[in-house]
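Engineer: Pasting in a structure now, in structure tokens, and then I'll have a few things to ask.
The values are calculated or read from the model by the stated rules, or taken from the named source; none is laboratory data. This one's a predicted model, so the numbers in the text were calculated from it and none came from an experiment. Methodologically, a virtual Cβ is constructed for each residue, glycine included, from the backbone with ideal geometry; neighbour enumeration extends over all protein chains shown.
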Amino acid sequence: MESSSAQASRLLAVAGNPNSGKTSLFNRLTGLRHRVGNYAGVTVERVEGTMTFADGETRRVVDLPGCYSLSSNAPDERIARDALLGLLPDTAQPDAVLVVVDASNLERNLYFATQMLEVGVPMCIALNMIDVAERHGHKVDAAALEKELGVPVVPVVARTGQNFDKLRESIREARRGQRLWRMPAEAEEALNDLHVAVQACGYLPTVSEEAEALRRLCHARDEDPFLARGGDELRAAVTQARARLEAASIDREALESEFRYALCEGIVERVRSDTGEGDTRSAAIDRVVTHRVLGPIIYILIMGLIFESVYTWAGPIMDGIESATGWLGEQVARLLGPGMFTDLMVNGVLAGVGGIIIFLPQICLLFLFLSILEDCGYLARAAFLVDRVMRGVGLHGRAFIPLMSSFACAIPGIMATRSMEDRKDRLVTMLVAPLISCSARLPVYALMIAAFIPKGYQGFTLLSMYVLSVVAALGAAWVLRKTVVKGKPATFMMELPSYKMPAWGHVLRTVAQRGGVFVKQAGTVILAISIILWFLATFPRSDEAVEAEAKTRIEQGASETDTANWAGGEKIRRSYAGRLGRAMEPVIEPLGFDWRIGVGLVTSFAAREVLVSTMGIVFSVGDDVDEGSVALRDRLRDAKRPNGTKAYNGLVAISLMVFFVLACQCMSTLAVIKRETNTYRWPIFCFVYMTALAWVGSFIVYQGGLALGFG
Amino acid sequence: MQDLAAITMLAFAVTYIGWRYLRKRASGNCCGESECPAAREMVDRIKRGSRT
Amino acid sequence: MTEIPLPDGALLRERPADHTTLADLRPGDSAVVCCVRQGENKRRRLLEMGFVSGTTLRFVGVAPLGDPLHVEVRGYQLSLRRADARGILVRAS
């Protein structure tokens, strides 16, 4: 099946348990030059890259989904198996496979490795995480393991790249493995008969036929495509073989596991020695972190600390950025002199883009901390703590990763629900993911908090918004489960990886990438929108009419500064943007918002963070350009209503933030939901319920606050 | 002169937004890029992450 | 070889009354797995994760609301739902 053309067409598959360091290894091997796509027709991501050997030869490498066992029926593990057998439409059977084995978790990893030996594809083993094994007090003899298994075994540390040269060489020396264990005679005979039947079908690669026969003997179910392809003869063969097992009192379901683990235990005993200096730090940490009482307390403390630090550390940098933007504005004004272009530059571009760039430090810091937490293993414990709650509201355990991803952006989160087997579980998760506070909401929170929340409470308020979004998501799930998507929970097991020091390179790279995307977005889409917005807020021009009225007001006794402020606001009110805002006012007034926020709400449908740019522009336009820079925060605080009273305060800020927590403003999210559910019904439902929730939520907060005297 | 410059910028801005929108529809990603960075991150997380 | 798993209350080679389940253990207890009584898929998964007869495991702790359970088996840490743990029959080691 190998084409005669370049060696680059040869395919290496990388397989292994989840958490075995497979991805780090793959990244190191391919040097991060890889693409992410979809396995044709199926919704599990496919990652393919290229590796280079010492002599320059290249080879394609595909990273298979993490797999605990080839006998599994979970969607992603099935993909791994189908890929290894060459049954996927766009992937031929790999020429070689690199199996990653976690040395600190040997028995379970060898379970998978021994299954791989039986598949028959030339194989090489990367014995990863030997550093972790050593820390646990275990020394694994790679040479001995190689003798036991019959294929090359190379000890490596994927995180640091240790011994990778040897690994690359050994890939070329990959060898075929074989079954290393024997069953009782009756079982061997039953297997043999089935093997013959499978051979007769002829659609599996010859080398893998026996392994698959064994798998089907133990685990096949009526609806398996395997049985469908083989037809009645195959079914009959399976039934017969199973009958033989039963007659011999052999438990077919446990057959493979019992023998395979017995084999692995034996191997481990022979290749691993205890150095006696076990490190029980992970266990000790866990005793505290997952403690019934201390656990949640620690969780809250850590989260609180993170959010508070984000504010304290980001503060000075933000001030710096602000001064720089202000200074820049003054220079531009001086250089270009008065005119429409200058106005556009200073009150449009700088106000809009500058308004949002200022939040770059906060975004970077927040994701730095979260990245560290995730990398060191803590977040898995968080999932553990939260699981019961999730199940209590009707969310499946697997919803944790989609919902976690939604803290960055709901869209990949929604796509991640494909890993959930039950249709209703998927639907509920998809409908609830947009409630999780995505990263686009962060600048909005940040602005409102910086403007209206007193210093000591800033971190706490930010945290509260995130907590609110989680509570809202859980609550919505609960309600949905009881009404529109009635259902029940499903099973869930999760491995808790041992604690480790975060991989700083990876962490910093993530933060840099995040920040990079943010800045890029600001410099392109937001810049363009700011320009358009400036025009909408400046035209149609009403300068003469407003100046005339201002004169009248002063003649009637109004103060000069007040009138100047009013004039600035009035000019915008009469522009296109202003008219739009005013049209919305009746609907949003009960929430404490005025027409300026109204304009922002409309523009935030382009992207939530555009609200910040919009506020920046709306509060700049109409000002004299050479007035010197005033921070947007201050402008918001000083903003006045037509009757002269303050337009906004802390209560309005919270009301607005609550609105953003609950509202569905991302059209792209709705588009993805439509694509994933194949109907318009659910995205429309999502939009309606979230908008209603947002309005009601804001209403309660604002009116409630007024009633309690906070206005 | 100033007015001309401003109008030109507006034209660019509108064209750019239109182009991004078309790219978005073509690629299916909300940012119009060929690969969604958030999706990549999530894929990495799943592959690194713990689930059964 | 080993006993056949029995759906719904038929006989076991050793009587159920003699066994506790994983869910009955207390933090810190060690135990040995006797057998796994669950539906086909769950059973296979549990067996693959290492809960084979004769395996030693250690019950580490519980999440605050009593669920899930944190178990150490074959050298690694696993979090398991109480309902699933009830299907894992063990005896003291």
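Engineer: Only one residue in A:LEU427, A:LEU368, A:LEU350 is of a type in the set (A, V, I, L, M), crowded, with 23+ Cβ neighbours inside 10 Å and modelled with pLDDT of 80 or more, so which one is that?
Structural biologist: Numbers: A:LEU427 fails: crowded, with 23+ Cβ neighbours inside 10 Å; A:LEU368 fails: crowded, with 23+ Cβ neighbours inside 10 Å.
Just one listed residue meets the conditions, A:LEU350.
Engineer: Restricting to the range A:378-409, name every residue that is assigned to a loop (DSSP other than H, G, I, E, B) and either more than 9 Å from chain B (Cβ to nearest Cβ) or among the β-branched types (Val, Ile, Thr) (or both).
Structural biologist: Going residue by residue through the range A:378-409, those that are assigned to a loop (DSSP other than H, G, I, E, B) are A:394-396, A:406-409.
The answer is A:GLY394, A:LEU395, A:HIS396, A:SER406, A:PHE407.
Engineer: Now, a different point. Considering only the range A:135-170, how many residues are surrounded by fewer than 17 Cβ atoms within 10 Å (Cβ to Cβ) and more than 32 Å from the chain's Cα centre (by Cα)?
Structural biologist: 10
Engineer: Restricting attention to the range A:388-399, which residues are at pLDDT below 80 and closer than 12 Å to A:ASP425 by Cα?
Structural biologist: Answer for the range A:388-399, where residues must be at pLDDT below 80 and closer than 12 Å to A:ASP425 by Cα: A:ARG391, A:HIS396, A:GLY397, A:ARG398.
Engineer: When you check C:ARG86 against the structure, is it among the basic types (Lys, Arg), free of Cβ contacts under 8 Å to residues at least 60 places away in the same chain and either more than 7 Å from chain A (Cβ to nearest Cβ) or over 23 Å from A:ARG381 (Cβ atoms) (or both), yes or no? Reasoning before the result, please.
Structural biologist: Details: among the basic types (Lys, Arg): yes; free of Cβ contacts under 8 Å to residues at least 60 places away in the same chain: no; either more than 7 Å from chain A (Cβ to nearest Cβ) or over 23 Å from A:ARG381 (Cβ atoms) (or both): yes.
It is false that C:ARG86 is among the basic types (Lys, Arg), free of Cβ contacts under 8 Å to residues at least 60 places away in the same chain and either more than 7 Å from chain A (Cβ to nearest Cβ) or over 23 Å from A:ARG381 (Cβ atoms) (or both).
Engineer: Tally up the residues in the range A:597-613 that are at pLDDT 85 or above and in contact with a Gly (Cβ under 6 Å, 6 or more places away or on another chain), please.
Structural biologist: Total meeting the criteria: 4.
Engineer: Something else about it: Any residue in the range A:454-461 that is of a type in the set (A, V, I, L, M, F, W, C) and either within 14 Å of another protein chain (Cβ to nearest Cβ) or crowded, with 20+ Cβ neighbours inside 10 Å (or both)?
Structural biologist: For the range A:454-461, residues of a type in the set (A, V, I, L, M, F, W, C) and either within 14 Å of another protein chain (Cβ to nearest Cβ) or crowded, with 20+ Cβ neighbours inside 10 Å (or both): absent.
Engineer: Determine, yes or no, whether A:ALA174 is in contact with a strand residue (DSSP E or B) (Cβ under 6 Å, 6 or more places away or on another chain) and either over 18 Å from A:PRO122 (Cα atoms) or in contact (Cβ under 8 Å) with a residue 40 or more places away in the chain (or both). Please lay out each step first, then the result.
Structural biologist: Values: in contact with a strand residue (DSSP E or B) (Cβ under 6 Å, 6 or more places away or on another chain): yes; either over 18 Å from A:PRO122 (Cα atoms) or in contact (Cβ under 8 Å) with a residue 40 or more places away in the chain (or both): yes.
Considered against the rule, which asks whether it is in contact with a strand residue (DSSP E or B) (Cβ under 6 Å, 6 or more places away or on another chain) and either over 18 Å from A:PRO122 (Cα atoms) or in contact (Cβ under 8 Å) with a residue 40 or more places away in the chain (or both), A:ALA174 comes out as yes.
Engineer: Moving on. With the structure loaded, tell me whether C:GLY54 is surrounded by fewer than 22 Cβ atoms within 10 Å (Cβ to Cβ), over 22 Å from A:ARG391 (Cβ atoms), touching a residue at least 12 places away in the same chain (Cβ under 8 Å) and facing chain A (nearest Cβ under 9 Å) or whether it fails that test.
Structural biologist: So C:GLY54 passes the test.
Engineer: Given the criteria more than 10 Å from chain A (Cβ to nearest Cβ), surrounded by fewer than 22 Cβ atoms within 10 Å (Cβ to Cβ) and among the small types (Gly, Ala, Ser), does C:ALA92 qualify? Spell out how you get there, then give the answer.
Structural biologist: On the way: more than 10 Å from chain A (Cβ to nearest Cβ): yes; surrounded by fewer than 22 Cβ atoms within 10 Å (Cβ to Cβ): yes; among the small types (Gly, Ala, Ser): yes.
Against the criterion (more than 10 Å from chain A (Cβ to nearest Cβ), surrounded by fewer than 22 Cβ atoms within 10 Å (Cβ to Cβ) and among the small types (Gly, Ala, Ser)), C:ALA92 qualifies.
Engineer: On to the next question. State the number of residues belonging to the range A:219-249 that are under 45 Å from the mean Cα position of the chain (by Cα) and either under 11 Å from A:ALA190 (Cα atoms) or among the hydroxyl-bearing types (Ser, Thr, Tyr) (or both).
Structural biologist: Going through the range A:219-249 one residue at a time, the tally reaches 3.
Engineer: Further, regarding this structure: Can you find a residue in the range A:214-223 that is surrounded by fewer than 19 Cβ atoms within 10 Å (Cβ to Cβ) and either aromatic (Phe, Trp, Tyr) or at pLDDT 85 or above (or both)?
Structural biologist: There is no residue in the range A:214-223 that is surrounded by fewer than 19 Cβ atoms within 10 Å (Cβ to Cβ) and either aromatic (Phe, Trp, Tyr) or at pLDDT 85 or above (or both).
Engineer: For A:ILE363, state whether it is in contact with a Ser or Thr (Cβ under 9 Å, 6 or more places away or on another chain), within 14 Å of chain B (Cβ to nearest Cβ), closer than 30 Å to A:TRP534 by Cα and at pLDDT below 80.
Structural biologist: Working: in contact with a Ser or Thr (Cβ under 9 Å, 6 or more places away or on another chain): yes; within 14 Å of chain B (Cβ to nearest Cβ): yes; closer than 30 Å to A:TRP534 by Cα: yes; at pLDDT below 80: yes.
The answer is yes for A:ILE363.
Engineer: What residue, among those in the range C:59-78 that are more than 16 Å from A:ARG108 (Cα to Cα) and within 13 Å of the chain's Cα centre (by Cα), is nearest to the other protein chains (Cβ to nearest Cβ)? Steps first, please.
Structural biologist: To start, the set of residues in the range C:59-78 that are more than 16 Å from A:ARG108 (Cα to Cα) comprises C:59-70.
Remaining after also requiring within 13 Å of the chain's Cα centre (by Cα): C:59, C:69-70.
Working: C:PHE59: 12, C:LEU69: 10, C:HIS70: 6 Å.
Top of the filtered list is C:HIS70.
Engineer: For the range C:20-52, what are the residues that are within 23 Å of A:ALA220 (Cβ to Cβ) and among the small types (Gly, Ala, Ser)?
Structural biologist: Narrowing the range C:20-52 to residues within 23 Å of A:ALA220 (Cβ to Cβ): C:35-52.
Result: C:GLY39, C:GLY50.
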